[in-house]
Amino acid sequence: MNPTQTLYSPGGNSPATHPSSLFPQINNCRTIRDVSQIHAVFIKSGQIRDTLAAAEILRFCATSDLHHRDLDYAHKIFNQMPQRNCFSWNTIIRGFSESDEDKALIAITLFCEMMIDEFVEPNRFTFPSVLKACAKTGKIQEGKQIHGLALKYGFGGDEFVMSNLVRMYVMCGLMKDACVLFYKNIIEREMVVMIDRRKRDGEVVLWNVMIDGYMRLGDCKAARMLFDKMRQRSVVSWNTMISGYSQNGFFKDAVEVFSEMKKGEDIRPNYVTLVSVLPAISRLGSLELGEWLHLYAEDSGIRIDDVLGSALIDMYSKCGIIEKAIMVFERLPRENVITWSAMINGFAIHGQAGDAIDCFCKMRQAGVRPSDVAYINLLTACSHAGLVEEGRRYFSQMVSVDGLEPRIEHYGCMVDLLGRSGLLDEAEEFILNMPIKPDDVIWKALLGACRMHGNVEMGKRVANILMDMVPHDSGAYVALSNMYASQGNWSEVSEMRLRMKEMDIRKDPGCSWIDIDGVLHEFLVEDDSHPRAKEINSMLVEISDKLRLAGYRPITTQVLLNLEEEDKENALHYHSEKIATAFGLISTSPGKPIRIVKNLRICEDCHSSIKLISKVYKRKITVRDRKRFHHFQDGSCSCMDYW
């Protein structure tokens, strides 16, 4: 940009053009370089002394979008202003408060400087910005003092000042103080909100802040109670509930709130809604809802950028449709490592290590630098396929070529890779030589490998480490008990179970989900609570009979209880994934694929059974367990029996 007006200094023969004539050009500036040219003209002409001229330059530098603003430049302009009005103070405080934590601290300092300026007083636009800075930096003592000043200057009834005060207390973890302020303001507004639209909108903001606060603390029940009491909701209200449930692990609740939202006519899901709910849909494997969401985004003109696109890739991958994940990936610009990482992870969990490695190489060729997450996904792919040498090479390359410091997750991938491959001694040595302290996840990976390969001695050693590290976690007790059971050592099994009982440690129950026509059905082990339980049990009997005719024999070593052989066989019939498979067979038309999600690792007997079921019933059955996907078809599994 190059300003075309000729400006003359105030001391010249011709009158200077008033700086306001350049304001439209300031608004049209796209970069700091553009506005600096106008700034130079103002300085040369002497008109920078005009308060309005300096304020406009300041506004652009301090409050433009984050890509264009330059706070250092803005601060210099501000410091050179001969006279600063309230607008100028508010502008510079707002600019710093919206930046990172270090710069937000400067916003608080600027507010303190403003308070000693005898020519200016804060107004209703000053307090929200400085309170935002206090919330971001956790400066609660300063925030309380600013709270007092807001009341002193008469802004106790201002909805935007109050909403930012509540937000500050929430962000600083003082929910009791936030509640007092919240309910005080709600009661005071009861008589006016119905006739004042602005106050009604302000009330919604307050409710949203409180709901977000409870979700941050993990108190989903309190958040839901507030949400249900709201007389009016905004899209932010719905988004806060959905993201809060999802982030706290209540994926089913997140999806239910989203389903409720999309039934309404007043508020439509937006970009943030989709990004918030997709992780929950992915975890539950709700393909039909995920497909609806994808179509909705396209029909509504919501831009599928790197973030939303990566979430869609993750959703399709975790719902078992890797082909659609690839289609989404190929339509994206692929300039961001997040997108590549999502696709590499998709290939990894489907056991397609070759495709994952190929995708990683193409990412490099595209000039995109691998992130630590991309390496985690790549190492996971190597682990699922037993590619030990490749895993070693990529772990080394991460450090030597890309200069990335291995995180605990990278070490965990290597332990899992070595352990699955039977290199237990090397895996243990790898842990002992780690430069960072191994966590329980690392040791659990080794313990799982000990169980897989029947190394009870090392298993005991590792289990004892875990029992000291996380004494109330069921994982070590259950794994060690299972190893004893597989050897028929029932006295040690009883000892383990007694210890668990004394410490009130409970094993996570096996649970499987299946989505039929958009409705999620959940099954536990030996679950007979479903409305169609009788039909399910009849199908289980039919499956058992047909599998026996096909030569199947139950793998009773998977029943880790001291039972008679017949009782063990009966127990195997009622694992949650088998119940879900039976329900899928009676609920879908012949030939239609069945997709199941399980919270634990699929057992050996269920794996063998479902392989044969896919052949006998001519169905493609996909099971996503805690680690990876298993695609069963014509009597075989995509994992090639390596899992």
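The values are calculated or read from the model by the stated rules, or taken from the named source; none is laboratory data. Quantities reported herein were computed from a predicted structural model and do not represent experimental measurements. Reconstructed Cβ throughout: ideal geometry from the backbone, glycine too, with neighbour counts over all protein chains shown. In case anyone asks, the SASA skips ligands and DNA or RNA and just uses the protein heavy atoms, side chains included. Shrake-Rupley method; radii C 1.70, N 1.55, O 1.52, S 1.80 Å.
Tell me, yes or no, whether segment 140-147 has at least one residue that is closer than 25 Å to LEU52 by Cβ and either out of contact with any helix residue (DSSP H, G or I) (no Cβ under 6 Å at 6 or more places or on another chain) or not basic (Lys, Arg) (or both).
Scanning segment 140-147 turns up no residue that is closer than 25 Å to LEU52 by Cβ and either out of contact with any helix residue (DSSP H, G or I) (no Cβ under 6 Å at 6 or more places or on another chain) or not basic (Lys, Arg) (or both).
Quick one: is GLU260 over 30 Å from MET210 (Cβ atoms) and charged (D, E, K, R)? Don't jump to the end; show me each part of the working.
Working: over 30 Å from MET210 (Cβ atoms): no; charged (D, E, K, R): yes.
No.
The rows are residues; the columns are (1) assigned to a loop (DSSP other than H, G, I, E, B); (2) within 33 Å of the chain's Cα centre (by Cα); (3) free of Cβ contacts under 8 Å to residues at least 24 places away in the same chain.
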| residue | (1), (2), (3) |
| --- | --- |
| GLU113 | no, no, yes |
| PHE119 | yes, no, no |
| ASN123 | yes, no, no |
| PRO128 | no, yes, no |
| LEU131 | no, yes, no |
| CYS134 | no, yes, no |
| GLY143 | no, yes, no |
| GLY148 | no, no, yes |
| LEU151 | no, no, yes |
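Take the residues in segment 572-596 that are among the hydrophobic types (A, V, I, L, M, F, W, C) and modelled with pLDDT of 95 or more, then tell me which one is nearest to the chain's Cα centre (by Cα).
So, considering only residues that are among the hydrophobic types (A, V, I, L, M, F, W, C) and modelled with pLDDT of 95 or more, the one nearest to the chain's Cα centre (by Cα) is ILE596.
For the list (1) modelled with pLDDT of 95 or more; (2) surrounded by fewer than 20 Cβ atoms within 10 Å (Cβ to Cβ); (3) of a type in the set (A, V, I, L, M, F, W, C), I need the number of the one condition that MET452 fails.
(1)
Every residue in segment 191-224 that is in a helix (DSSP H, G or I), open to solvent by 40 Å² or more (accessible area, probe 1.4 Å) and modelled with pLDDT under 85, please.
ARG197, ARG198, LYS199, ARG200, ASP201 - these are the residues of segment 191-224 that are in a helix (DSSP H, G or I), open to solvent by 40 Å² or more (accessible area, probe 1.4 Å) and modelled with pLDDT under 85.
Can you go through SER512, SER538 and tell me which one is exposed (fewer than 14 other Cβ atoms within 10 Å of the Cβ), of a type in the set (S, T, N, Q) and either more than 11 Å from LYS578 (Cβ to Cβ) or in contact (Cβ under 8 Å) with a residue 24 or more places away in the chain (or both)?
Among SER512, SER538, only SER538 is exposed (fewer than 14 other Cβ atoms within 10 Å of the Cβ), of a type in the set (S, T, N, Q) and either more than 11 Å from LYS578 (Cβ to Cβ) or in contact (Cβ under 8 Å) with a residue 24 or more places away in the chain (or both).
Filter segment 57-108 down to the residues that are part of a helix (DSSP H, G or I) and among the charged types (D, E, K, R), then identify the one that is most open to solvent (accessible area, probe 1.4 Å). Explain how you work it out, then say what you get.
If we filter segment 57-108 for residues that are part of a helix (DSSP H, G or I), which is where we start, we get 57-63, 71-80, 86-97, 101-108.
Now narrow it down to the ones that are among the charged types (D, E, K, R): 59, 72, 76, 94, 101-103.
On the way: ARG59: 63, ASP72: 98, LYS76: 132, ARG94: 100, GLU101: 102, ASP102: 115, LYS103: 61 Å².
The extreme case among them is LYS76.
Within segment 572-643, considering only strands (runs of 3 or more DSSP E) that don't extend past its boundaries, which have at least 1 residues that are open to solvent by 40 Å² or more (accessible area, probe 1.4 Å) and either touching a Ser or Thr at 6+ places or on another chain (Cβ under 9 Å) or small (Gly, Ala, Ser) (or both)?
Here the list reads 594-598, 629-633.
Specify which of the listed residues (GLY148, GLY143) is open to solvent by 20 Å² or more (accessible area, probe 1.4 Å) and of a type in the set (Gly, Ala, Ser).
Unique residue meeting the criteria: GLY148.
Can you name every residue in segment 225-250 that is buried (at least 21 other Cβ atoms within 10 Å of the Cβ), out of contact with any Ser or Thr (no Cβ under 8 Å at 6 or more places or on another chain) and among the hydrophobic types (A, V, I, L, M, F, W, C)?
The answer is MET241, and nothing else.
Sort out for me the helices (runs of 4 or more DSSP H) sitting completely within segment 379-447 that have 1 or more residues that are open to solvent by 60 Å² or more (accessible area, probe 1.4 Å) and within 24 Å of LEU600 (Cα to Cα).
408-420
Just need a number here: residues in segment 487-496 that are among the polar types (S, T, N, Q), in a loop (DSSP other than H, G, I, E, B) and open to solvent by less than 90 Å² (accessible area, probe 1.4 Å).
1
Return the pairs, sorted by first residue and then second, in which the second residue is acidic (Asp, Glu) and modelled with pLDDT of 95 or more, the first residue lies in segment 415-427 and is farther than 9 Å from HIS453 by Cα, the beta carbons are less than 6 Å apart, and the residues are 6+ apart or on different chains.
That search, which allows pairs on different chains as well, returns LEU418/GLU426.
Say whether the condition of being of a type outside the set (Asp, Glu) and at pLDDT 90 or above is met by at least one residue in segment 23-35. Quick ask: steps written out before the conclusion?
From segment 23-35, those of a type outside the set (Asp, Glu) are 23-33, 35; that's our starting set.
In the following step, the residues that additionally are at pLDDT 90 or above were identified as none.
Within segment 23-35, not a single residue is of a type outside the set (Asp, Glu) and at pLDDT 90 or above.
Only one of these is under 23 Å from GLY346 (Cα atoms) and modelled with pLDDT under 95: GLY290, GLY264, GLY285. Name it.
GLY285
Just wondering, is there one or more residues in segment 315-326 that are of a type outside the set (Val, Ile, Thr), open to solvent by 50 Å² or more (accessible area, probe 1.4 Å) and farther than 18 Å from GLY290 by Cβ?
The answer is no, given that none of the residues of segment 315-326 is of a type outside the set (Val, Ile, Thr), open to solvent by 50 Å² or more (accessible area, probe 1.4 Å) and farther than 18 Å from GLY290 by Cβ.
Looking at ARG268 and the list (1) open to solvent by 20 Å² or more (accessible area, probe 1.4 Å); (2) within 28 Å of ALA381 (Cα to Cα), which single condition is not satisfied?
All conditions pass for ARG268, except number (2).
Just the residues that are hydrophobic (A, V, I, L, M, F, W, C), out of contact with any Leu (no Cβ under 6 Å at 6 or more places or on another chain) and surrounded by 18 or more Cβ atoms within 10 Å (Cβ to Cβ), please, taken from segment 468-486.
We begin by selecting, within segment 468-486, every residue hydrophobic (A, V, I, L, M, F, W, C); these are 469-470, 476, 478-480, 483, 485.
Restricting the remaining residues to those that are out of contact with any Leu (no Cβ under 6 Å at 6 or more places or on another chain) gives 469-470, 478, 480, 483.
Scanning segment 468-486 gives VAL478, LEU480, MET483.
Would it be correct to say that ARG499 is assigned to a helix (DSSP H, G or I), among the basic types (Lys, Arg) and surrounded by fewer than 16 Cβ atoms within 10 Å (Cβ to Cβ)?
Details: assigned to a helix (DSSP H, G or I): yes; among the basic types (Lys, Arg): yes; surrounded by fewer than 16 Cβ atoms within 10 Å (Cβ to Cβ): yes.
Answer is yes for this residue.
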